[in-house]
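Student: The structure is given below, and queries will be raised subsequently.
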Amino acid sequence: MSGTQSDWDEIVIGSGMGGMVAAAALSRLGHRVLLLEQYESLGGQTHNFSRDGFSWTAGIHYLGAMGPDQLEKNILDWLTDTPIELAPMGTVYDTLHIGDALPIQLSRPTEAQKLDLKERFPDEGAAIEGWFQAIQAGRQALETIIRARSLPAAVGAVSKWWRRTAIRRWCERTTAEVTHELTDNPELAAVFSAQWGTFGGRPGTTSFAFHASVIGSYLDSGGFYPAGGGSTIAEHLLATIRAQGGEARAGVTVEALRMENGRVVGVTTADGETIAADKVISNIGARETVDRLLPDGHGQQAWVDEIRALGSNICHFSLFLGFSGDIEAAGATKSNHWLYPTGETDAVWTDVSNSVPPAMFVSFASLKDPACDPGPDRKHTGEIIAWADWSTVARWAALPPGERGEDYHVFKHQVEAALFAQFETYFPRLAELVVFREVATPLATAAITGHTKGAFYGLDVTPQRIMSDALRMKTPIKGLYLSGQDVVSPGIPGALWGGLLCAVSIDPKMAVHLGG
């Protein structure tokens, strides 16, 4: 059934975190919002899925900036009728395995981590102090940029000019440049850059401000995991949308934006349905918006070209593991593990068939989730992630899943074997408890999320991206807005802020609620 102009105040395309938050925030202000999702499940990277009695969350391994007294958690509570339970991971949230060195545990709060690092690197006290000062300064510089994007262009330009020195120092330089300015100790430099996979920012190419913002988000209160998995977040936010007369529909692909007299007035779906709304919010990614949704004659080619000039982030392989037994006794922890067998952190997997992955992330979600009941068989879950280049799967990208041929199945088996062999090297006792394995390639990410080249973090986090004026919540096309991680920073907290500031751009009354 087609809508009318009065049916919806806003249509949100894409039910990832940024889309759900924008829709829930506007719903809280009395707007009637329609949320459309092309995948069969709502929630984007927060959705859960199950295999053989095991369950995983698609894209959440831990959340930063979600302590009981932190702003993001207070805002999330305001957006939902009942608070989402976020369980702390404990004092240690990440463990680094760098080359042959003893593992390094990253702890909270900031002062504890400083002391730990100074004990490990007694001659690097000045570098360690300088690193944490840089983290704070980098976070503030990014906040200036993001705030400017949500303000009228002239006001935002003044804000950036006022802090131009800090922006040049922290936004226009890479993580590697900042790190090497502070220390020439290769192991400490690796520690500083090791968590880059949390947001897809390779040290040699990413803006340091992104690195500072994401890594810094764990320093005060550590990491948190949603009880019941990521789908709990979706359930709470979707309830807010529906309570105000809004709707959320899965399995609906938006084919194009509808425009009249130079402004967006709704959408057309792949099924031929036309739905009208006063405004449309795209949460599918900036590049995907301009490549897939804009009709001819939109009149904003310069804006489109600037977005297309920004590269895609990394892609990844995942190996989902199911265990049966006492995994804690065998070495599993709530803390995540970052594995760098050669000691080099700035590396992705490019030659899958003939090499071991140069970097891996290992997480045991069931240990973090207080709602997990392992039962008498003590069933637990884990996941291995290896960051990769799209070239590893590009030759099959244009083929439907059932038509990729035997060589693709061979390739997937090679990936699975390589990932598990590396896991077994670090966790031999845990490997013995594995009773289920399933590998997912970047092609699965591309199909589920629609992200170009399987880039689940969206656009690459380069200095070019952070300085781009094209990534504003209010686009130059009247009635079209952008939400999510592309307009702020990768990850769930970044997408949350993308949704909130998008809502502010539409309804300024939202600004008074940004304190939670």
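Student: I'd like to know which of 475, 451, 350 lies farthest towards the positive end of the charge dipole of segment 333-475, counting +1 on Cβ of Lys and Arg and -1 on Cβ of Asp and Glu.
Tutor: Projecting each Cα onto the dipole axis, the largest value belongs to 475.
Student: Let me ask something additional. Compute the separation of the alpha-carbon centres of segment 66-114 and segment 6-35 and state it in Å as a whole number.
Tutor: 29 Å
Student: Further question on the same structure: Can you give the FRET efficiency for residue 301 and residue 356, using 1/(1 + (r/R0)^6), R0 = 35 Å, r = Cβ-Cβ distance, to the nearest 0.05?
Tutor: With R0 = 35 Å, the Cβ-Cβ based efficiency is 0.20.
Student: Could you list which residues have their amide H under 5 Å from that of residue 256, counting only those 5 or more apart in sequence or on another chain, with H placed in the peptide plane?
Tutor: Close amide H contacts, sequence-distant or interchain: 268.
Student: So, one more: Relative contact order, percent, of the chain when contacts are C-alpha pairs under 8 Å separated by at least 6 residues?
Tutor: Computed value for the chain: 25 percent relative contact order.
Student: Within 10 Å, count the other beta carbons around each residue, average over each peptide in 121-132, 475-486, 308-319, and list them highest first.
Tutor: Listed from highest to lowest mean packing, they are 475-486, 308-319, 121-132.
Student: Another question, if that's okay. Compute the Cα gyration tensor for segment 127-227, then decide on rounded, prolate or oblate, letting a ≥ b ≥ c be the square roots of its eigenvalues: rounded whenever a/c is under 1.5, prolate when a/b is larger than b/c in the other cases, and oblate in all that remain.
Tutor: Oblate is the answer for segment 127-227, as a/c is 1.5 or above yet b/c matches or exceeds a/b.
Student: For segment 14-58, what does the relative contact order come out to in percent, with C-alpha contacts under 8 Å and a separation of six or more?
Tutor: 38 percent
Student: Taking the full set of protein chains and a 1.4 angstrom probe, give the accessible area of residue 509 in square angstrom, rounded to the nearest 10.
Tutor: My reading of the accessible area for residue 509 is about 120 Å².
Student: Once fully extended, how much extra length lies between residue 29 and residue 77, figured as 0.36 nm per residue of separation less the alpha-carbon to alpha-carbon distance?
Tutor: 15.8 nm
Student: Kindly work out what percent of the DSSP beta bridges joining two residues of the chain are antiparallel, to the nearest 5.
Tutor: DSSP beta bridges in the chain are roughly 70 percent antiparallel.
Student: If each residue of separation counts as 0.36 nm, what is the full-extension length gain between residue 512 and residue 129 once their alpha-carbon separation is subtracted?
Tutor: 134.3 nm
Student: Per residue of segment 329-334, in order, report the coupling 6.51 cos²θ - 1.76 cosθ + 1.60 (Karplus, θ = phi - 60°) as ³J(HN,Hα) in whole Hz, putting x for Gly and Pro.
Tutor: 5, 8, x, 6, 9, 5
Student: Note down the relative contact order for segment 1-126 as a percent, whole number, built from C-alpha pairs under 8 angstrom at least six residues apart.
Tutor: So the answer I get is 13 percent.
Student: Give me the 1.4 Å probe accessible area per residue for the chain, excluding ligands and nucleic acids, in Å².
Tutor: Computed with neighbouring chains in place, this is 39 Å² per residue.
Student: Sticking with this one: List every residue whose amide H lies under 5 Å from the amide H of residue 438, counting only residues 5 or more places away in sequence or on a different chain, with H placed 1.01 Å from N in the peptide plane.
Tutor: 320
Student: Report the one residue of 261, 485, 422 whose Cα lies farthest in the direction of the positive end of the charge dipole of the chain (charges on C-beta: Lys and Arg +1, Asp and Glu -1; origin at the Cα centre).
Tutor: 261
Student: Which FRET efficiency value, to the nearest 0.05, is calculated for residue 49 and residue 373 with the Förster distance at 25 angstrom and r the Cβ-Cβ distance?
Tutor: That pair, residue 49 with residue 373, gives E of 0.90.
Student: Then there is this: For segment 74-151, with only Lys/Arg (+1) and Asp/Glu (-1) charged at the beta-carbon, what is the dipole magnitude about the Cα centre, in debye rounded to 20?
Tutor: Dipole size: approximately 320 debye.
Student: Stretched out fully, how many nm does the piece from residue 328 to residue 112 gain, at 0.36 nm a residue minus the Cα gap?
Tutor: This chain segment gains 75.3 nm when fully extended.
Student: Continuing with the same structure: What residues have an amide H closer than 5 Å to that of residue 312, excluding those fewer than 5 places away on the same chain, when H is modeled at 1.01 Å from N in the peptide plane?
Tutor: Excluding prolines and chain starts, which carry no amide H, the hits are 460.
Student: Using only protein heavy atoms and a 1.4 Å probe, report how much of residue 514 is accessible, in Å² to the nearest 10.
Tutor: Estimated to the nearest 10 Å², residue 514 gives 40 Å².
Student: Suppose every Lys and Arg Cβ carries +1 and every Asp and Glu Cβ carries -1, with no other charges. What dipole size does the chain come out with about its Cα centre, to the nearest 20 debye?
Tutor: The calculated dipole for the chain is roughly 1360 debye.
Student: Also, quick follow-up: Rounded to the nearest Å, what's the spacing between the alpha carbon centres of segment 273-338 and segment 423-475? Just the number, please.
Tutor: Comparing the Cα centres of segment 273-338 and segment 423-475, I get a distance of 8 Å.
Student: For a label point 7 Å from the Cα of residue 437 along Cα→C-beta, name the residues of segment 384-420 whose backbone N is under 13 Å from it.
Tutor: So the set is 384, 412-420.
Student: OK, next. On alpha-carbon atoms, Rg over Rh for the chain using Kirkwood Rh?
Tutor: 0.95
Student: Could you derive backbone 3J(HN,Hα) for segment 20-33 from the dihedral phi with the Karplus parameters 6.51, -1.76 and 1.60 (θ = phi - 60°), listing whole Hz in sequence and x where the residue is Gly or Pro?
Tutor: Working through the residues one at a time gives 5, 5, 4, 5, 5, 5, 5, 4, 4, 8, x, 6, 9, 10 Hz.
Student: If 180, 380 are ordered by their accessible area, calculated over protein heavy atoms with a 1.4 Å probe, which sequence runs from highest to lowest?
Tutor: 180, 380
Student: Next question. Using the Karplus equation 6.51 cos²θ - 1.76 cosθ + 1.60 (θ = phi - 60°), what ³J(HN,Hα) coupling, rounded to whole Hz, does each residue of segment 42-54 give in order, writing x for Gly and Pro?
Tutor: Going residue by residue, I get 7, x, x, 6, 8, 6, 9, 9, 10, 9, 6, x, 10 Hz, with x marking Gly and Pro.
Student: Using label points projected 7 Å from each Cα along Cα→Cβ, tell me how many nm separate residue 243 and residue 410, to one decimal.
Tutor: 5.6 nm
Student: Applying 1/(1 + (r/R0)^6) with R0 = 51 Å to the Cβ-Cβ distance of residue 69 and residue 253, what FRET efficiency is obtained, to the nearest 0.05?
Tutor: 0.80
Student: Going toward the positive end of the dipole of the chain, with +1 on Lys and Arg Cβ and -1 on Asp and Glu Cβ, which of 359, 290, 14 do you reach last?
Tutor: 290
The values are calculated or read from the model by the stated rules, or taken from the named source; none is laboratory data. Bear in mind that the values here come from a model prediction, so they are computed numbers and not experimental data. When we count neighbours, we look across all protein chains shown, and the Cβ atoms used for this are built from the backbone with ideal geometry, even at glycine. With ligands, DNA and RNA removed, areas are computed over all heavy atoms of the protein, side chains included. Shrake-Rupley method; radii C 1.70, N 1.55, O 1.52, S 1.80 Å.
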